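A short write-up of the structure that comes next.
The values are calculated or read from the model by the stated rules, or taken from the named source; none is laboratory data. Please read all numbers here as calculations on a predicted model, not as lab measurements. Methodologically, a virtual Cβ is constructed for each residue, glycine included, from the backbone with ideal geometry; neighbour enumeration extends over all protein chains shown.
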Amino acid sequence: MSNLAPRVVQARLLRILHRAFVQARNLALRGDGQQLYELADTFELLPELMAHWDETALARIRNILAEYESGHPQSGYEYLSLLDADDTAFDANGFDVVAGHGEEMGLSQ
């Protein structure tokens, strides 16, 4: 059985994945195949890390996002800022997980 990411992290990562899909669409419309490839190469790892959460997952995700952002500083998509936003200011806007989901596995918010 998988050990899922904590609920608040799931909400943040779902928001980040949503933004990555928006960026992918925009890159495709521009015809920027190279950056689209790099975006897909970066974000394909997130679902697996979310589903097999351990004490290293958050740091690994942060490193993955930082590497992508450093290669594309003018992209306008600040994934790390979404990941590291203040909890009181974070609004999941529909990307919150179902209340109570994961509690049977000892996960907390």
message = Among the numbered criteria (1) closer than 15 Å to Gln10 by Cα; (2) free of Cβ contacts under 8 Å to residues at least 24 places away in the same chain, which one does Ile61 miss?
response = (2)
Test set (1) assigned to a loop (DSSP other than H, G, I, E, B); (2) modelled with pLDDT of 95 or more; (3) polar (S, T, N, Q) - Ser2 fails condition number = (2)
message = If I go through region 1-22 residue by residue, how many of them are under 13 Å from the mean Cα position of the chain (by Cα) and of a type in the set (S, T, N, Q)?
response = 1
ask   = Got a number for residues in region 37-58 being in contact (Cβ under 8 Å) with a residue 12 or more places away in the chain and part of a loop (DSSP other than H, G, I, E, B)?
value = 4
message = From the list Leu58, Leu45, Leu27, Leu39, exactly one residue is in contact with a Leu (Cβ under 6 Å, 6 or more places away or on another chain), at negative phi and either surrounded by fewer than 16 Cβ atoms within 10 Å (Cβ to Cβ) or at pLDDT 95 or above (or both). Which is it?
response = Leu27
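Can you tell me which residue in region 7-24 is farthest from Gly71 (Cα to Cα), limited to those that are of a type outside the set (A, V, I, L, M) and surrounded by fewer than 17 Cβ atoms within 10 Å (Cβ to Cβ)?
If we take residues in region 7-24 being of a type outside the set (A, V, I, L, M) and surrounded by fewer than 17 Cβ atoms within 10 Å (Cβ to Cβ), then His18 is farthest from Gly71 (Cα to Cα).
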